[in-house]
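For reference, the structure is listed below as structure tokens.
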Amino acid sequence: MTQDTREPRLGALSRSRRRTLYGISVGVWITGAVWLVYHYFVRSIDQFGFENAHPHQQWWLVAHAAFGCWALWMFGVLWPGHVKAGWRMKSRRLSGGTLFGVVAWLTLTGLALYYIGSTQWRSWTSIAHWAVGLAAAAAFLLHLPTRKTAARSEAERAD
């Protein structure tokens, strides 16, 4: 067997780092989406006939917050070697810049949801957070490299 001795592309993620990123991204998205379903569509009826939030709703929110913390940690890990390197190389700036904006927006609105006391402001911030959060999957998928992109990068390096 021949071993691949090519130098990894600047900014490229190792397989383990990529798997970790994908796992955290899927986790934060799924826990947020499931919380959304519980929040708006799943209710429980108590012994007096009153409709209340389902007890699992809170646990989905806690899981979402935990994955959100891991996502911020992962973003910090990616910053020097992937984000900055990709920007300097002018590699996929539109999708990367969009993804950066999405992460920044979700971080700010997520913090605001934790600290805002006003019910009205909290309601608007919640919608602003989950609407962008649901769309974040599309931004993430658009940024993923394709085999065609990877092959083109290899060809450009060979020239």
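The values are calculated or read from the model by the stated rules, or taken from the named source; none is laboratory data. Worth saying up front: this structure is predicted, and the values here are computed from it rather than measured. All Cβ positions, even for glycine, are placed from backbone atoms using ideal geometry, and neighbour counts span all protein chains on display.
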**Q.** Residue count for region 30-61, restricted to those that are exposed (fewer than 12 other Cβ atoms within 10 Å of the Cβ) and within 24 Å of A135 (Cβ to Cβ)
**A.** 2
(Q) List the residue pairs whose Cβ atoms are under 7 Å apart, where the first residue sits in region 114-125 and is touching a residue at least 12 places away in the same chain (Cβ under 8 Å), the second is not polar (S, T, N, Q), and the two are 6 or more positions apart or on different chains. (A) T125/A112; T125/L113; T125/I116
Q | Residue list for region 102-122, filter: exposed (fewer than 12 other Cβ atoms within 10 Å of the Cβ) and either of a type in the set (V, I, T) or at pLDDT below 95 (or both) | A | Y114, Y115, G117, S118, T119, Q120
Q. Among the residues of region 107-130, is any outside any helix (DSSP H, G or I) and out of contact with any helix residue (DSSP H, G or I) (no Cβ under 8 Å at 6 or more places or on another chain)?
A. yes
(Q) Which residue is nearest to the chain's Cα centre (by Cα), if the candidates are limited to region 13-52 and must be charged (D, E, K, R) and in a strand (DSSP E or B)? (A) R43
Q | Boolean, L94 is crowded, with 18+ Cβ neighbours inside 10 Å and either assigned to a helix (DSSP H, G or I) or at pLDDT 95 or above (or both) | A | no
(Q) Being in the same structural domain as V132 (by TED's automatic domain parsing) and over 16 Å from P145 (Cα atoms) is true for just one of G32, G101, G97. Which residue is that? (A) G101
Q: With respect to G23, determine if the residue is crowded, with 18+ Cβ neighbours inside 10 Å and either within 26 Å of T107 (Cα to Cα) or in the same structural domain as F140 (by TED's automatic domain parsing) (or both).
A: no
(Q) Need pairs with beta-carbon distance below 8 Å; first residue assigned by TED's automatic domain parsing to the domain that holds L21 and at pLDDT 95 or above and within region 65-80, second surrounded by fewer than 18 Cβ atoms within 10 Å (Cβ to Cβ) and not polar (S, T, N, Q); sequence gap 6+ or separate chains. (A) F67/G27; W70/G27
Q) Restricting to region 126-136, what's the tally of residues that are touching a residue at least 24 places away in the same chain (Cβ under 8 Å), among the small types (G, A, S) and surrounded by 13 or more Cβ atoms within 10 Å (Cβ to Cβ)? A) 2
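When residues of region 53-64 are filtered for being free of Cβ contacts under 8 Å to residues at least 12 places away in the same chain and assigned to a helix (DSSP H, G or I), how many remain?
3
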Q) So how many residues does region 79-91 have that are surrounded by fewer than 16 Cβ atoms within 10 Å (Cβ to Cβ) and on the phi < 0 side of the Ramachandran plot? A) 7
